[in-house]
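The values are calculated or read from the model by the stated rules, or taken from the named source; none is laboratory data. Bear in mind that the values here come from a model prediction, so they are computed numbers and not experimental data. Please note: Cβ atoms are built from the backbone with ideal geometry, for glycine as well, and neighbour counts cover all protein chains shown.
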Amino acid sequence: MPRLPRPAGAAAATLALGLVAAAPATAHEPLVTDARVLAHLDLAAGQTPENIALDLDGSADVTFAFARQIAHVTDDGRVRTRATLPAVAHAATPLLHSAVVTGIARAHDGTLYVDYATGTSATGVWRLSPGDAPEQIAALPADGLPNGLALDERRGVLYVADSVRGTVWRVPQAGGTATAWAKGAALAPLPAAPARGLGANGVKVRRDSVWVSNTDRGTLLRIPVRPDGAAGPVETRAGGLAGIDDFAFPGHGRSVLAALNTGNRVVLVRADGTVTTVLTAQDGLSNPTSVAVRGRTVYVPSAASTTRRDPNLLLARLRHLIGR
């Protein structure tokens, strides 16, 4: 989730990438190993990664929130700009007061989808097709803050977590009218201190359910998708996750790797709700905002939103498959 811009013009984003093996480790073996920074980014240039989507070759596409950019990071750490979303006059994004690019999702054909929050009619979901300029395909309320983004290609829909309005929006993948798919207290920000005004944040599709994190409440939620596509009742899967941002599934089960932005940690949240720290600032995290996993590799972007030190993209490896 982006934080308020500082003089350097920064955003907030962090992601974790995990690789999944087969045999369980002993109690004394760390689950996540071999952490290294793939790319050190430029804070002054606004290269503060907010969210991440992985390409088939192991490279990554990331959003630089306040720079309004979609960037590509190769597997050897080279960074290039794919696209810059159009500037908006008099941006009035809630909480942030600047135009920001937040969540990102990738389709199998390489098309990228991103959330753009501006406080104007440009707020919504934008599409970047290979070789084309970015185009808005769905409008979202200007007084909201679209944050996490997930694509369900099987159903042909995108899910957008709105952190201010406490809503999960559902948008046709082809573009069109957004509908409020799920909302309520579990998705909303806290009404009073220590609230930061950030409710629903990260979002992922997992089989026949949509998972959402709530930053203010420190919770991880699961929302079943009914046969008709409607949202089922919201279930709380874990709590006590202060500063949770986005997350990813490091296996075939319901365990989650989550970025705790303000705590400079990535944690494993098992299906039974137990929480284990697997990466810290000592590994190179600097306000992580998201996590991505492919095979046994874990990708974690750090935005350095409050540390103001070394925004980066970190890679690590999972020791074994997490099946539950």
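Side notes on the structure shown:
- Residue list for the stretch 128-144, filter: touching a strand residue (DSSP E or B) at 6+ places or on another chain (Cβ under 7 Å), touching a residue at least 40 places away in the same chain (Cβ under 8 Å) and either closer than 22 Å to residue 197 by Cβ or assigned to a strand (DSSP E or B) (or both): 128, 138, 144
- Filter result for residue 260 (under 17 Å from residue 147 (Cα atoms), in contact with a Leu (Cβ under 6 Å, 6 or more places away or on another chain) and surrounded by 21 or more Cβ atoms within 10 Å (Cβ to Cβ)): no
- Taking (1) assigned to a strand (DSSP E or B); (2) surrounded by fewer than 16 Cβ atoms within 10 Å (Cβ to Cβ) in turn, residue 147 satisfies each apart from (2).
- Number of the exception - residue 221 against (1) part of a strand (DSSP E or B); (2) of a type in the set (A, V, I, L, M); (3) closer than 21 Å to residue 139 by Cα: (3)
- Restricting 272, 245 to those that are within 30 Å of residue 56 (Cβ to Cβ) and acidic (Asp, Glu) reduces the list to 245.
- Strands (runs of 3 or more DSSP E) contained in the stretch 225-279 and holding at least 1 residues touching a residue at least 12 places away in the same chain (Cβ under 8 Å) and among the charged types (D, E, K, R): 235-238, 244-248, 265-269
- Scanning the stretch 39-75 for residues that are within 13 Å of residue 289 (Cβ to Cβ) and among the charged types (D, E, K, R) turns up just one, 50.
- Only one of the listed residues (160, 114, 100) is farther than 20 Å from residue 179 by Cβ and among the β-branched types (Val, Ile, Thr). That residue is 100.
- Residue 304 falls short on exactly one of the conditions (1) of a type in the set (A, V, I, L, M, F, W, C); (2) in a loop (DSSP other than H, G, I, E, B); (3) touching a Gly at 6+ places or on another chain (Cβ under 8 Å), and that condition is (3).
- Residue in the stretch 29-41 that is at pLDDT 95 or above, in a loop (DSSP other than H, G, I, E, B) and in contact with a Gly (Cβ under 9 Å, 6 or more places away or on another chain) present: no
- Among the residues of the stretch 64-97, the ones that are farther than 22 Å from residue 198 by Cβ and part of a loop (DSSP other than H, G, I, E, B) come to 9 in all.
- Some residue of the stretch 112-127 being among the acidic types (Asp, Glu) and either crowded, with 18+ Cβ neighbours inside 10 Å or not in a loop (DSSP other than H, G, I, E, B) (or both): yes
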